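Only one structure is covered here, and it is reproduced in the block below.
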Amino acid sequence: MFAAAATPPRELAVPPRPAGAARLLLVVEYRPLQPGETLEVRDADGTVLGRLVPYGRAEAERRLRYRLSVPAAGVGGGSLRFQFRRVPPKTAAAPTRPPAQQGLDPAALPAHLEWRP
């Protein structure tokens, strides 16, 4: 089994806040993970902002979209610094394969910030 692996830190500029917008979301697109596997999103201090958890099954080529609410404390100087941390299943019926063999590189996941009402 592979231990949790963190990606290099990333930084996204916070877009201008439109009128009526109340919350900032980190939007991430990813492919299905192994059953029981999660992808944590951590801020620059290592605090877990949330976890991306797949529900159900999807085709391997299909990307899923996940929206994670970003706390105001996580944004500093007009940008959000974060990293993904891949967490393998607690119990695995089959051996966990390395990320390169699974077709998912968390460091390359498309991500952006958006405001929502």
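The values are calculated or read from the model by the stated rules, or taken from the named source; none is laboratory data. Keep in mind that this is a model prediction, so the values were computed, not measured. Counting neighbours? That spans all protein chains shown, and the Cβs are built from the backbone with ideal geometry, glycine included. With ligands, DNA and RNA removed, areas are computed over all heavy atoms of the protein, side chains included. Shrake-Rupley method; radii C 1.70, N 1.55, O 1.52, S 1.80 Å.
Some points to look at:
- Residues satisfying the stated conditions in segment 13-33, i.e. open to solvent by 30 Å² or more (accessible area, probe 1.4 Å) and touching a residue at least 24 places away in the same chain (Cβ under 8 Å): Ala13, Val14, Pro15, Arg17, Pro18, Gly20, Ala22, Arg23, Glu29, Arg31, Pro32
- Filter result for Ala73 (open to solvent by 70 Å² or more (accessible area, probe 1.4 Å), at pLDDT below 90 and among the small types (Gly, Ala, Ser)): yes
- Condition broken by Leu39, with the remaining ones in (1) open to solvent by 40 Å² or more (accessible area, probe 1.4 Å); (2) at pLDDT below 90; (3) not in a loop (DSSP other than H, G, I, E, B) satisfied: (1)
- Screening segment 76-106 for residues that are hydroxyl-bearing (Ser, Thr, Tyr) and assigned to a loop (DSSP other than H, G, I, E, B) and picking the one that is modelled with the highest pLDDT gives Thr91.
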